[in-house]
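Here the structure is laid out as structure tokens; the discussion comes afterwards.
What follows is calculated from the coordinates using simple rules that are stated; it is not laboratory data. The structure displayed is predicted, hence computed values, not measured ones. Methodologically, a virtual Cβ is constructed for each residue, glycine included, from the backbone with ideal geometry; neighbour enumeration extends over all protein chains shown.
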Amino acid sequence: MKLGVNIDHVAVLREARRVNDPDILNALYVACQNGADQITIHLREDRRHIQDADAYSIMKHSALPVNLECSINKSILNIVTDLKPHRATLVPEKREEVTTEGGLDVFTYEDEISYAIELLHDYIIPVSLFIDPSIEAVEKSKELGAEMVELHTGSFANIFAMLNSSLSHSNHSIKELDLPRHELSIRLEKSIAAISEAAKHAKKIGLEVAAGHGLNYHNVSHMMSIAEITELNIGQSIVAKSVFSGLAQAVKEMKRLTTR
């Protein structure tokens, strides 16, 4: 399994105080030296964490492939074509969201996505689409010309957390998932099945398969059991663990858990 370490949340800490501490390049080097197979960053339209200068520095200094997540906004795409990352992953964005909520709507935004893929391919940049785990979305991604899909695991992660952590007793409890445990267990099984079915279908029609969003040290084993998934992109949980163990150890531990 390839582990993509998303270092956005290091930049979140830096931007909270608007100083160059922690240094994003230090995070890059530590991740590269301790088991990451790929560096993942998200250059958002609102620049809430990764800045343009960060993206250019990371591309210049990374010894590992860089997976650049971005929206289908044309001004962002122009930066991506200049950066020429090893892959661009097209994701949805809303200014009001805390983090990416749900997969890219490959049906409503078909024309815009098609344009983005064609533009990126003109610059020889492979494209992955960050989609909800459904057969229909997988098939549409193939039709649009993507080489890869990344299955959004946020719904799975939320259900898992409400069932297996203290989330339900916190201020961040998810109201729509405030359900009896047996109901949550059923939903969790259905969520895993949907991810598995989407991954199998994607591989069957010739797409590479990644997964990400909300994956952590407790739930990642469920993704490891799906053979068709060959890449996981994980960020927040690694950076959160690093507060207590250090980033090097946090990356090493996640790499251990994601080694088949």
Revision key, fill the gap. The number of residues in region 135-164 that are of a type outside the set (G, A, S) and not in a helix (DSSP H, G or I) is 7
**Study point:** Odd one out for E143, checked against (1) surrounded by 15 or more Cβ atoms within 10 Å (Cβ to Cβ); (2) out of contact with any helix residue (DSSP H, G or I) (no Cβ under 8 Å at 6 or more places or on another chain); (3) of a type outside the set (S, T, N, Q); (4) more than 19 Å from P85 (Cα to Cα)
**Key:** (1)
Revision key, fill the gap. Considering only strands (runs of 3 or more DSSP E) wholly within region 1-74, the ones with at least 3 residues that are within 14 Å of the chain's Cα centre (by Cα) and over 30 Å from D111 (Cα atoms) are 2-6
Point to revise | Cross-chain or 6+ apart pairs with Cβ under 7 Å, region 19-43 first and within 16 Å of V243 (Cβ to Cβ) and in contact (Cβ under 8 Å) with a residue 40 or more places away in the chain, then in a loop (DSSP other than H, G, I, E, B) and β-branched (V, I, T) | key: A27/I7; A31/I7
Check your understanding: If you check E197 against the conditions, is it loosely packed, with under 14 Cβ neighbours inside 10 Å and either assigned to a helix (DSSP H, G or I) or not hydroxyl-bearing (S, T, Y) (or both)?
Key -> no
Study note, to complete from the structure: With criteria (1) in contact with a Pro (Cβ under 7 Å, 6 or more places away or on another chain); (2) farther than 23 Å from I131 by Cβ, V66 comes up short on (2)
Review point. Across region 75-134, what is the number of residues that are in a helix (DSSP H, G or I) and aliphatic (A, V, I, L, M)?
Key: 10
Practice item. Report, by residue number, each residue of region 223-237 that is within 16 Å of A210 (Cβ to Cβ) and either touching a strand residue (DSSP E or B) at 6+ places or on another chain (Cβ under 8 Å) or of a type in the set (A, V, I, L, M, F, W, C) (or both). Key: M223, M224, I226, A227, E228, I229, T230, E231, L232, N233, I234, G235
